[in-house]
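What follows is a set of notes on a single structure, which appears directly below.
The values are calculated or read from the model by the stated rules, or taken from the named source; none is laboratory data. Computed from a predicted model, the values in this text were never measured in an experiment. Counting neighbours? That spans all protein chains shown, and the Cβs are built from the backbone with ideal geometry, glycine included. Please note that ligands, DNA and RNA were not included when accessible areas were found on the heavy atoms of the full protein model with its side chains. Shrake-Rupley method; radii C 1.70, N 1.55, O 1.52, S 1.80 Å.
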Amino acid sequence: MASERSAAPYIAIAVLVLLIVSAIGLVVAMWMRPTVEPASALVATNRVPIACTSPERDTTCFDTQIVNQGSEPSGFSCQVIAYGDTAATFADGAPTNELTLGSNETAHIGTIVTAHGDVEPVAPRVQCAPVQT
């Protein structure tokens, strides 16, 4: 009489190997997935004045570069802050500016500083914070 072997142990081993390979693949996929960087703005204002589009008395213009360092597009709310006895606005005359930037996208925004009398115009500080779009 020939001895018959059951196929059940072989099926169980095959399923176990398949589950182990799937688990290893899942761990590798999670480890290799791209990371999502939250939106943040890198703001740099050039300290050297630029030509103003509409030169007014006692005004000096500066260029501010804003870069989205996040890995996804984001909206930013920016405000301009003057130093000392000067006044500062964005080129459109507003104290705040809303803009949307893609990942690693750069925007250049003009600022206007008004200094009266003997006060020397200094490039303003621009702060940007991400907003929900």
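For percent of Cα pairs over 24 Å apart, the candidate list reads (1) 33; (2) 53; (3) 23; the entry that matches the value derived from this model is (2). The C-alpha atoms of the chain define a longest principal axis, and helix 8-32 lies at about 10 degrees to it. Considering helices alone, the calculated mean residue ellipticity of the chain at 222 nm is -6500 deg cm²/dmol, with DSSP H runs of length four and up weighted by -39500 (n - 2.57) and normalised per residue. Our estimate of slack between TRP31 and ASP92, defined as 0.36 nm per intervening residue step minus the Cα-Cα distance, is 17.3 nm. If the segment from SER40 to ARG57 were pulled out straight at 0.36 nm per residue, it would be longer than the present Cα-Cα gap by 2.6 nm. Taking the charge dipole of the chain about its Cα centre, with +1 at Lys and Arg Cβ atoms and -1 at Asp and Glu Cβ atoms, the residue from THR45, ASN97, THR35 reaching farthest to the positive side is THR35. If you take all other residues with their beta carbon under 10 Å from the beta carbon of THR86, and give Lys and Arg +1 and Asp and Glu -1, the sum is -3. Solvent-accessible area per residue in the chain equals 70 Å², computed with a 1.4 angstrom probe and all protein chains kept. Atom-type composition of the exposed protein surface of the chain places 60 percent of the accessible area on carbon and sulfur (1.4 angstrom probe).
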